[in-house]
1. Based on what the data block shows, is Arg55 at negative phi, of a type outside the set (A, V, I, L, M, F, W, C) and out of contact with any strand residue (DSSP E or B) (no Cβ under 8 Å at 6 or more places or on another chain)?
2. Please go through segment 37-67 and pick out each residue that is of a type in the set (S, T, N, Q), within 16 Å of the ligand (Cβ to nearest atom) and part of a loop (DSSP other than H, G, I, E, B).
3. Based on this model, can you work out whether Thr10 counts as within 16 Å of the ligand (Cβ to nearest atom) and in contact with a Phe, Trp or Tyr (Cβ under 9 Å, 6 or more places away or on another chain)?
4. Can you tell me which condition Val32 does not meet? The list is (1) touching a strand residue (DSSP E or B) at 6+ places or on another chain (Cβ under 8 Å); (2) among the hydrophobic types (A, V, I, L, M, F, W, C); (3) more than 23 Å from Ile107 (Cα to Cα), and all the others hold.
5. Could you check Asp70 against (1) without any contact (Cβ under 8 Å) to a residue 60 or more places away in the chain; (2) buried (at least 22 other Cβ atoms within 10 Å of the Cβ); (3) away from the ligand (no atom under 16 Å from the Cβ) and say which number it fails?
6. Got at least one residue in segment 97-109 being more than 14 Å from the ligand (Cβ to nearest atom), modelled with pLDDT of 95 or more and either surrounded by fewer than 19 Cβ atoms within 10 Å (Cβ to Cβ) or basic (Lys, Arg) (or both)?
7. Residues Ile193, Ile131: which one is touching a Phe, Trp or Tyr at 6+ places or on another chain (Cβ under 8 Å) and more than 13 Å from the ligand (Cβ to nearest atom)?
8. What residue, among those in segment 77-90 that are buried (at least 17 other Cβ atoms within 10 Å of the Cβ) and not charged (D, E, K, R), is nearest to Arg27 (Cα to Cα)?
Amino acid sequence: MKYPIVLAMTGASGAIFAVRLLDLLIRNSIDVHLTISSSGAEVIRQELGREIDLRNFQISDLLPGITEADSLTYHHEHDYLTPIASGSFRTSGMVLAPCSGSTLSAIAHGASNNLIQRAAEVHLKERRKLILMPRETPLSLSAIENMRSVTLAGAVVLPASPGWYHGVKHLDDLVDFIVARILDQLDLENKLISRWAEQSDADSETPTE
Ligand SMILES: Cc1cc2nc3c(=O)[nH]c(=O)nc-3n(C[C@H](O)[C@H](O)[C@H](O)COP(=O)(O)O)c2cc1C
């Protein structure tokens, strides 16, 4: 990747998707700027049983198998004095996974109440790749309209809605389906899952450019 990827975890269900994505990016030494909302940290606690201190972030608290990550830069959700708050800092795109309905709404309406929403707005204004992974069902009319607005503005809405056609045997297969779609959007080659009408060759975890 020429430039870093921004990854934001907000307070929708599905923290596992971002954890898997982040693990893959770090293990492949891809530069990542990470930020997590306080609701995102609550979801991580509820769903994964992992306590995240947003003021004193340690990667091992989120990814217990990793103690150091040179390619990772963490930013607090209220710290605007960071590179990702500005369009002058170049990135290869931003992923919001999961993306809560409230963050989706803020992005759709151009309200930048925290660093995550500001960085998303920057990606829209700079016409860069912005991938939002909402997790909600059923959808309210406002959520549908917000998805329409961000799509018109250039974002990709990529719901946490896995397919079942790739030989699902384990929960991880469903997680990898979505993570593979995100990696595809970032133009990172991967063989996490076998693709439609392909033989199963899901033996490589290496995202490459
Ligand atoms: C355990 C838990 C699960 C939640 N699940 C969802 C969800 O699946 N989708 C959603 O849009 N909001 C969900 N919410 C609500 C959001 O976290 C809430 O709207 C919050 O204000 C979002 O803030 P943020 O966008 O800054 O992270 C959940 C909240 C909690 C505590």
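1. Working: at negative phi: yes; of a type outside the set (A, V, I, L, M, F, W, C): yes; out of contact with any strand residue (DSSP E or B) (no Cβ under 8 Å at 6 or more places or on another chain): no.
Answer is no for this residue.
2. Here is the first cut: in segment 37-67, the ones of a type in the set (S, T, N, Q) are 37-39, 46, 56, 58, 60, 67.
Restricting the remaining residues to those that are within 16 Å of the ligand (Cβ to nearest atom) gives 37-39, 46.
Ser37 - this is the single residue of segment 37-67 that is of a type in the set (S, T, N, Q), within 16 Å of the ligand (Cβ to nearest atom) and part of a loop (DSSP other than H, G, I, E, B).
3. Details: within 16 Å of the ligand (Cβ to nearest atom): yes; in contact with a Phe, Trp or Tyr (Cβ under 9 Å, 6 or more places away or on another chain): no.
So Thr10 fails the test.
4. Condition (3) is where Val32 drops out.
5. Every condition holds for Asp70 apart from (2).
6. Of segment 97-109, the ones more than 14 Å from the ligand (Cβ to nearest atom) are none.
No, segment 97-109 has no match at all.
7. Details: Ile131 fails: touching a Phe, Trp or Tyr at 6+ places or on another chain (Cβ under 8 Å).
Criteria check complete, one pass: Ile193.
8. Of all residues in segment 77-90, those buried (at least 17 other Cβ atoms within 10 Å of the Cβ) come to 77, 82, 84-85.
Now drop any that are not not charged (D, E, K, R), which leaves 82, 84-85.
Numbers: Thr82: 24, Ile84: 22, Ala85: 26 Å.
Across segment 77-90, the extreme among qualifying residues is Ile84.
The values are calculated or read from the model by the stated rules, or taken from the named source; none is laboratory data. Bear in mind that the values here come from a model prediction, so they are computed numbers and not experimental data. Here Cβ is always computed from backbone atoms with ideal geometry, including for glycine, and neighbour counts include all displayed protein chains.
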